[in-house]
Every structure is written in C-alpha cells, then in structure tokens.
Amino acid sequence: MRIGELSRMSGVPVPTIKFYVREGLLSPGKLTSPNQATYDSGHERRLKLIRALLDVGGLSLSAIGDVLRSIDDPGQPVHKVLGVAAKRIALLEEGEPGPELEAAREDVAELLERRGWKAEAASPAGETLAAVLVALRRAGHGGFVELLDDYAAAAEPVARADLDYVGRRVAREDLVESVVVGTVLGEAMFSALRRLAHVDASARAFGGDEGGAA
C-alpha cells in the first residue's frame, strides 16, 4: 500500500508517519521509485502500537524507541523485554533520600519477602511504591501501608491474567508485543477500572446518584 493508504488504515497523518521513519520508530517502506515506497500490514501494526504506547500508555518517543528496539531484538528474552517496558512507564518522581524513604524501602522489601515475589525492591516499580508510601505518610495517611497486602493480593490475579493472555500468543513477535501492551496499556486499563470500582464502592457505602463522578 502507498503511504496515503497506510495513513488512512492506521489513522496516523502522513507527516507523522514520515517523522516516525526518520526517528527510526518505523522501518522505511520498500522503494518502488526514487520518490515512491510501498508499505505492508506490518507497518500498520507498528503504527498502531506506537500510537497506543504514546496516547494511552503515556510513554515518550524516546521511551517508545527503547521498547521497540527491545521488541525487534530476537536475542532478547521475553522477560527482559518486559523489564524494558516496565522501566519506561512514567514513574513517580524519586523520593528525597532520608529516613522516610529508607523506611518505605524496607516496607517494600518486606512486602516482597512476605508474598514470595521474585521482584527487586530496588526496581523502578519498587522505588515508585516506596515514593508513594512516603507521600502517603507525609499527607497524614500512613495507615494505607496496612493495606499493602490487600492491594498486592488484588494485583496477583491481574498479573496472572496478563500472562495468561500473553501465553496464548505463539509467534515471538505476537508474544513480545503482547507483553509490552499488557505492561503499558494494562496499567492504564487497571487504573481506570480501579477508579470505576471506587465510584461503585462509594455509592454503595455512602449513597449517591448512579454514575456519579469520583
């Protein structure tokens, strides 16, 4: 297909497609003449992935480039690709060094040990959780720390559901892409579902009109 048709199929404007090619996010089309190139369904698929990571996942173009290079590396284990995607998810600002942050890091490490999770407390996600705990305590809501295991218990079946979906993919390209989408876009989906559940729980606990905002 020509670039105009690729634009229509993907919903991405032609100038943006050319920009992605220049930035190395999208492979060039196959030249049929000095000024003409053709594209295939792989280009359309990659464009849709880029837009999803950008518009829904909130990743920067630089972060997307890192993730795509990881996807395209056949020697990269799927677990490593997942790590690259997870690290590039927009993180909370790092906490200021000090006793509060160290205490929060210990809370995270203890949580991981209690639950037997094979994850590192010093990972980006662990550091983000520690920063959240510090912020909660400073805001006078340190009691939320007591809910860590409840939140973790809720997260476990979600993680299993993500990996069950990934496990249904056979081709490596499908498998790796599914891991990235599940990590980045699944984060946004789970956050939205949590907010909707808050609306429902609040209405049931405190009364209020159906469909009220939270």
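A few points about this structure:
- Vicinal HN-Hα couplings computed from phi for region 99-111 (Karplus, 6.51 cos²θ - 1.76 cosθ + 1.60; Hz; Gly/Pro x): x, 5, 5, 4, 5, 5, 4, 5, 4, 5, 4, 5, 4
- Extension gain, Glu5 to Ser27, is 6.3 nm, computed as 0.36 nm per intervening residue step minus the present C-alpha separation.
- Residues whose amide H comes within less than 5 Å of that of Leu26, counting only those at least five positions distant or on another chain, are Val21 (H built at 1.01 Å from N in the peptide plane).
- Other-chain or far-sequence residues with amide H under 5 Å of Val12's (modelled H): none
- Amide proton proximity set for Ala37, modelled H, under 5 Å, gap of 5+: Ile3, Thr32
- Chain lengthening between Leu61 and Asp40 when straightened (0.36 nm per residue, less Cα-Cα): 5.3 nm
- Simple spin-label estimate for Thr16 and Leu196 in nanometres, 7 Å along Cα-Cβ: 2.5
- Projected label points at Glu113 and Tyr165, each 7 Å from Cα along the beta carbon direction, are separated by 3.4 nanometres.
A short reminder: the numbers here are calculations on the coordinates, not readings from a lab. Model, not experiment: these values are computed from the prediction. Note: ideal-geometry Cβ built from the backbone for every residue, glycine included; neighbour counts use all protein chains shown.
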